[in-house]
Each structure stands twice: as C-alpha cells, then as structure tokens.
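Worksheet: one structure, shown below.
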Amino acid sequence: METFIAELEQAGLGQILYNEPLAKHTTWKIGGPADVLFIPHGKDQLVSAIRLLHKHGVPWTNLGRGSNMLVSDKGIRGVVIKTRDGLDYARFEGTLVHAGASFSFVKLSRMSGREGLTGLEFAGGIPGTVGGAVYMNAGAHGSDVSRIFRSAEIVLETGELVRFDREAMQFSYRHSILHELKGVVVEATFELAEGDRNEISATLSAYQERRLRTQPLQLACAGSVFRNPPGDFAARLIQEAGLKGVRFGGAEVSELHANFIVNRGQATAEDVLTLMTHIQGTIADRYGVQLVPEVLVVGER
C-alpha cells in the first residue's frame, strides 16, 4: 500500500484522503473509515490509478455516490474510489445521450426531456449516478437501464479500457456482469426516441410527485432495501406483516414506504443489518418468501 500511495502522489493523481469516514459519502450517513479514499479528476486519472492498484495488488472498492450501499461500521480496507470531477457530464447526439459515470441519473432524465427525448422518464426518481445505475440495472415504473442501454466504456481491474454493448453487460433484474467482472463504468451511452416535450415533462412531474409523497426523502436512506420477489412487491409484504415502524437502534422501517430503512439518527450498519435480518426472517416465516437485498453490503465485518 505504501508503495502504491507513493507512486500515486508522485504522479499527482487526484485527491487522496486517509482514514476518511465513509458516513460522509453515503446517503444512509452510515459507514466506518476507508484506509484511503481516492477521488480521481477525470478518466485518465481513474485509469492510471486502477493500473497502479493492479500493479501493486492493492484491494479497492468503487463507491460512486453511495446511494445504494451499506458500509460496515469497521469501514473498508484498501482503497475506496469515488468518481466525481471530470466524469460529471452529458452530451446529446441525435437520439443518443452520452453521460459520464458520476453524472446524476435524475438530472439526466430531466435534461433528456428538455431535449424532447423519451425513454429515461423512469429515472426521474432514482437517486445516484449513471455509473451506479448501469451497474445495478436500475429501474422503476416498468422500465430499466437495459431498455435504453447502447454501450458503456469500462475500465477493468487490470486498467484495461473496454466497451461493452447491451449483450455483453448481461443485464437482468437489478444485475449486470459488473457484479462478477470487477470494473468501473467511465461513460454510458443510451439510445432514446423522439417524443413530445410536454408529455415527457408531465410524466416526470407525476413520478416526482409520487416519489415525494411515498418515499421518506427527508431522512437518510438508501432507496429500496430489498428486491421485489417474482410477481410481488417487497414493500407490500413488509407492510402486510406489520413491520412498518419497527426499529433497531437508530434504524427504522419507514412509516411512509415499507421497503425503505431510514436512519433516525446515529444508526450503525449493524442496526440496519439486524433490522434487515429481522424483516427477512419474518417474511420467510409468514409467507415462505426469501427477500433478497438490493442494497450492496460492503466493508470489514
């Protein structure tokens, strides 16, 4: 690690923070320290840093915006990469939109609507970045990333730059090949269609209003905690089981949306994990359904 850090500093690659509390970098406001938090400025610095990580065999984790992630209380060993500057852009080319990995997925949906392009309306209520959305095949309102995805530029753990099309990404429900093949999305290209600006705007407004009405956005949370089981909704099962408002430590099942766990203040990762286990056990006992987490649990346990 010391040799890696020395080379990283010598090359002047990005911002380096030591023992950085990751609670400051996740939407749940939970998480212990990263040994090293590295924030590259643009694609070239990201690629160079990953090549150095590979060269020295240093373990690393990609954080993104931290909107779908539970970081353990002990934090993450090795290097945590947070993409930001230099990858926060979007450009339009006909019906194609090219967006950097750290660009807001919500903002992209709104910009596309103003361009008169339809297909990204479902993203209007999905927090997080373009890179995270591609990684998770994020979706809502009956659509997901795979429906509009054209290709993505990805830097693999070796530092090699590749471009994957839709088939190569192996999309499925809240899943992509990047769950098995370690890499970081640099840029994604989506293929949209021409539409009516007023209709697109109305749809986005309706989704936004519904989101504000049904999700506890005023509290620290991480989006949906569990995947929807086939033919059903996790929130319906959790609510029907009477689990709304159940609390462990500072973590509580939202009274507004049963598939959200909110940080009521000073919640730990163990509080959240205990609550998740309780929910899973209750639903399995009552309905014979095994809820699968949608959030990513990372870090030293």
- Message: I'd like to check something: does region 112-128 contain any residue that is under 15 Å from the mean Cα position of the chain (by Cα) and modelled with pLDDT of 95 or more?
- Response: no
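Residue-wise test of (1) surrounded by fewer than 22 Cβ atoms within 10 Å (Cβ to Cβ); (2) in a loop (DSSP other than H, G, I, E, B).
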{"residue": "46", "(1), (2)": "no, no"}
{"residue": "66", "(1), (2)": "no, yes"}
{"residue": "73", "(1), (2)": "yes, yes"}
{"residue": "111", "(1), (2)": "yes, no"}
- Message: Considering only residues that are of a type outside the set (Val, Ile, Thr), in a helix (DSSP H, G or I) and open to solvent by less than 20 Å² (accessible area, probe 1.4 Å), which ones fall in region 133-160?
- Response: 133, 136
- Consider only pairs whose beta carbons are under 8 Å apart and that are at least six residues apart or on different chains; among these, list those whose first residue lies in region 26-37 and is free of Cβ contacts under 8 Å to residues at least 40 places away in the same chain and over 16 Å from residue 64 (Cβ atoms) and whose second residue is open to solvent by 30 Å² or more (accessible area, probe 1.4 Å) and of a type in the set (S, T, N, Q). none
- Among the candidates 77, 51, 84, single out the residue that is assigned to a strand (DSSP E or B) and more than 30 Å from residue 253 (Cβ to Cβ). 77
- Item | Those strands (runs of 3 or more DSSP E) lying entirely in region 207-301 with at least 2 residues over 29 Å from residue 79 (Cβ atoms) | 251-253
- Item | Enumeration of residues in region 34-44 that are surrounded by fewer than 22 Cβ atoms within 10 Å (Cβ to Cβ) and over 15 Å from residue 11 (Cα atoms) | 35
- Query: Quick one: how many residues across region 87-101 are surrounded by fewer than 22 Cβ atoms within 10 Å (Cβ to Cβ) and not in a strand (DSSP E or B)?
  - Reply: 4
- Restricting attention to region 168-190, the residues that are farther than 16 Å from residue 146 by Cβ, free of Cβ contacts under 8 Å to residues at least 40 places away in the same chain and either among the basic types (Lys, Arg) or open to solvent by less than 70 Å² (accessible area, probe 1.4 Å) (or both) number exactly 3
- For region 262-275, which residues satisfy the criterion of being crowded, with 17+ Cβ neighbours inside 10 Å and either within 18 Å of residue 32 (Cβ to Cβ) or among the polar types (S, T, N, Q) (or both)? 263, 267, 268, 269, 271, 272, 273
- Note on the structure: Note on residue 165: of the conditions (1) open to solvent by 50 Å² or more (accessible area, probe 1.4 Å); (2) touching a helix residue (DSSP H, G or I) at 6+ places or on another chain (Cβ under 7 Å); (3) under 25 Å from residue 87 (Cα atoms), unmet is (2)
- Item | Matching entry among 251, 269, 222, 241 (being in contact (Cβ under 8 Å) with a residue 60 or more places away in the chain, more than 18 Å from residue 210 (Cα to Cα) and small (Gly, Ala, Ser)) | 269
- State whether one or more residues within region 62-79 are acidic (Asp, Glu) and at pLDDT 95 or above. yes
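The values are calculated or read from the model by the stated rules, or taken from the named source; none is laboratory data. As the structure is a computational prediction, the values presented were derived from the model and not from experiment. Cβ: placed from backbone, ideal geometry, glycine included. Neighbour counts: every protein chain shown. Side chains included, ligands, DNA and RNA excluded: accessible areas come from the protein's heavy atoms. Shrake-Rupley method; radii C 1.70, N 1.55, O 1.52, S 1.80 Å.
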